Amino acid sequence: MLSRMLALFAALFIVLPAPAQPMPGDDLHPLAADMASRVSDPTRPFTMIVTLKASESKLSELERLMRVHIAASRSEAGNLGFTLSRSRGTTPDEADGLVLVEHWASIAALDRHLRTPHMEANLPLIGELADDISFLVSKILPGAADEEEIVRFYLDRWIQLWSPGPEVWDAEAFRSLYKQGDGSIVVFDNVGGGVVHLRSFDDYAAQWSPMMAPMRNWSISLEAPAAIRVSGDLAFATFAFSGGEDVDAPDAVRIRQVGTLVWERDGGVWQIIHEHLTLDAGGEPVSDR
């Protein structure tokens with residue numbers, strides 16, 4: 001079971017950036033050695049994105065296990081970030097799942113992680129749950145240009161988290177996407193026919209949580225692929241999305257907005273520092289019921 005899990009994990013990790021050379025002379029954990037062969041520089045930060053699909057009966061158990069695992073992993077030297085969020089199936093027949101985003105300072109940091117007691121204890125437990133889990137295999141992204149693909153992944157996560165469907169909109173699920181601290185972000189969003197100016201994620205959560213609470217079966221989607229540009233440690237995305245309440249009711253709220261998001265890369269981790277959303281002239285503010 002352990003060897004099968006190592007093979008599955010090696011297949012489903014996305015390692016960014018890509019093709020490279022292993023660290024010579026090091027006796028690496030087999031998984032770390034595989035990752036070292038895929039990154040451009042094993043001494044620099046990199047990111048792994050893992051998607052796990054599970055049946056409804058096992059997903060909650062898997063999520064509990066991974067949250068305990070992540071809490072222990074975040075305290076490790078060399079871990080630059082480790083987040084977990086739910087991934088909704090895109091069709092009625094597709095199972096929900098989990099998305100893990102791991103940021104490591106180097107291959108050596110990952111190697112130390114793979115040898116920790118909590119990793120060695122949790123890997124067999126994950127293996128026990130793997131019978132009903134399908135692992136989505138993603139390509140190895142080759143080269144610096146694929147920083148755009150990393151940013152596109154984070155934009156897709158932002159859209160997905162803004163689409164809770166029948167579930168309650170969860171502000172805390174967004175926290176890892178935004179830079180933290182007072183004055184760390186600048187947000188201009190249309191709200192109730194006006195514009196709000198927010199300067200921290202806590203303000204963002206406080207603004208939107210009560211407004212989203214009454215929404216019914218809420219989801220949004222991009223109208224076309226976003227335009228994304230990466231310049232050094234800054235990335236920019238412009239896009240349009242539409243959606244709202246998917247209910248058969250005369251007062252169902254529907255919107256169309258155009259937006260800009262700006263990310264900053266710090267320690268190999270991309271986080272949102274600016275958000276500007278503007279309602280289309282024919283749209284309606286989400287606060288108008």
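Worth pointing out:
- One residue alone among Trp263, Trp270 is within 23 Å of the chain's Cα centre (by Cα), part of a strand (DSSP E or B), at pLDDT below 90 and closer than 30 Å to Glu102 by Cβ, and that residue is Trp270.
- Only residues that are modelled with pLDDT under 90, under 28 Å from Leu100 (Cα atoms) and either among the aliphatic types (A, V, I, L, M) or surrounded by 16 or more Cβ atoms within 10 Å (Cβ to Cβ) (or both) were counted in the stretch 176-196, giving 2.
- Selection from the stretch 151-175 of residues that are exposed (fewer than 15 other Cβ atoms within 10 Å of the Cβ) and either at positive phi or not in a helix (DSSP H, G or I) (or both): Gly165, Pro166, Glu167, Val168
- Considering the conditions (1) touching a strand residue (DSSP E or B) at 6+ places or on another chain (Cβ under 6 Å); (2) at pLDDT 80 or above; (3) over 19 Å from Trp270 (Cα atoms), Leu52 is excluded by exactly one of them, (2).
- Close pairs from the stretch 110-129: first surrounded by fewer than 18 Cβ atoms within 10 Å (Cβ to Cβ), partner of a type in the set (Lys, Arg), Cβ under 6 Å, at least 6 apart: Leu129/Lys58
- Count of residues meeting criterion [closer than 15 Å to Ala173 by Cβ and loosely packed, with under 14 Cβ neighbours inside 10 Å] in the stretch 207-216: 1
The values are calculated or read from the model by the stated rules, or taken from the named source; none is laboratory data. Every value quoted in this text rests on a predicted model; they were computed, and no experiment measured them. Neighbour counts run over all protein chains shown; Cβ positions are idealised from the backbone, glycine included.
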